[in-house]
Amino acid sequence: MPPVVARVERNSEAEIGRRIRFDTEARVAMIGRQGPRAVADRLRALEREWDVERALAAGASTLALLGSVLAVTDNRRWAAVSALAGAFQLQQIVQGWCPAWPLLRRLGFRTRDEIDDERMALRELPFGDSRQESGSTP
């Protein structure tokens, strides 16, 4: 199976990828003008940011659980929601794509590589290696 970056490029609209790259570059430039404290704060935020695959897994799990609970408490037909969520998750694992993927990308979820690219760009700023200030050790 191709790496995540290749699957994202193959299965995402080019405009979404361009927008994410543009937004990242603009954010790095803005934070760079704000100084070392802003860089350290952003590096901490990046540690907590969910990538698109984690968001997809969380969404599928939530829908599967919700569908199961509603199937037991309300109507058996809700089991279809669980089945659909599981099918989408399996499709993501096997093919590297599912119908929710473009939606999550449009909502701004990035790949782990895209998040790491921003982290590296921040650290390349003249005062960007703020690991000690952000609580990390060298």
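The values are calculated or read from the model by the stated rules, or taken from the named source; none is laboratory data. Keep in mind that this is a model prediction, so the values were computed, not measured. Here the Cβ positions follow ideal geometry from the backbone for every residue, glycine too, while neighbour counts run over all protein chains shown.
Among the residues of region 28-45, which ones are among the aliphatic types (A, V, I, L, M) and either surrounded by 15 or more Cβ atoms within 10 Å (Cβ to Cβ) or in the same structural domain as ARG105 (by TED's automatic domain parsing) (or both)? I'd like the intermediate steps shown before the answer.
Going residue by residue through region 28-45, those that are among the aliphatic types (A, V, I, L, M) are 28-31, 38-40, 43, 45.
The answer is VAL28, ILE31, ALA38, VAL39, ALA40, LEU43.
Under 15 Å from the mean Cα position of the chain (by Cα), more than 24 Å from GLU15 (Cα to Cα) and not charged (D, E, K, R): which single residue out of ALA40, ALA45, ALA55, ALA79 fits that description? Before the answer, list the steps.
Details: ALA40 fails: under 15 Å from the mean Cα position of the chain (by Cα); ALA55 fails: more than 24 Å from GLU15 (Cα to Cα); ALA79 fails: under 15 Å from the mean Cα position of the chain (by Cα).
Testing whether each residue is under 15 Å from the mean Cα position of the chain (by Cα), more than 24 Å from GLU15 (Cα to Cα) and not charged (D, E, K, R) leaves just ALA45.
Does VAL81 meet the test of being within 26 Å of VAL28 (Cα to Cα) and in contact with a Leu (Cβ under 7 Å, 6 or more places away or on another chain)? I'd like the intermediate steps shown before the answer.
Numbers: within 26 Å of VAL28 (Cα to Cα): no; in contact with a Leu (Cβ under 7 Å, 6 or more places away or on another chain): yes.
No.
Is region 71-78 home to any residue that is part of a loop (DSSP other than H, G, I, E, B) and either over 26 Å from GLY17 (Cα atoms) or at pLDDT 95 or above (or both)?
Start the filter on region 71-78 by keeping residues that are part of a loop (DSSP other than H, G, I, E, B), which leaves 74-75.
Now drop any that are not either over 26 Å from GLY17 (Cα atoms) or at pLDDT 95 or above (or both), which leaves 74-75.
Checking region 71-78: at least one residue is part of a loop (DSSP other than H, G, I, E, B) and either over 26 Å from GLY17 (Cα atoms) or at pLDDT 95 or above (or both).
Taking ALA85 and the conditions (1) at pLDDT 90 or above; (2) surrounded by fewer than 12 Cβ atoms within 10 Å (Cβ to Cβ), which numbered condition does it fall short on, given that it satisfies the others?
(2)
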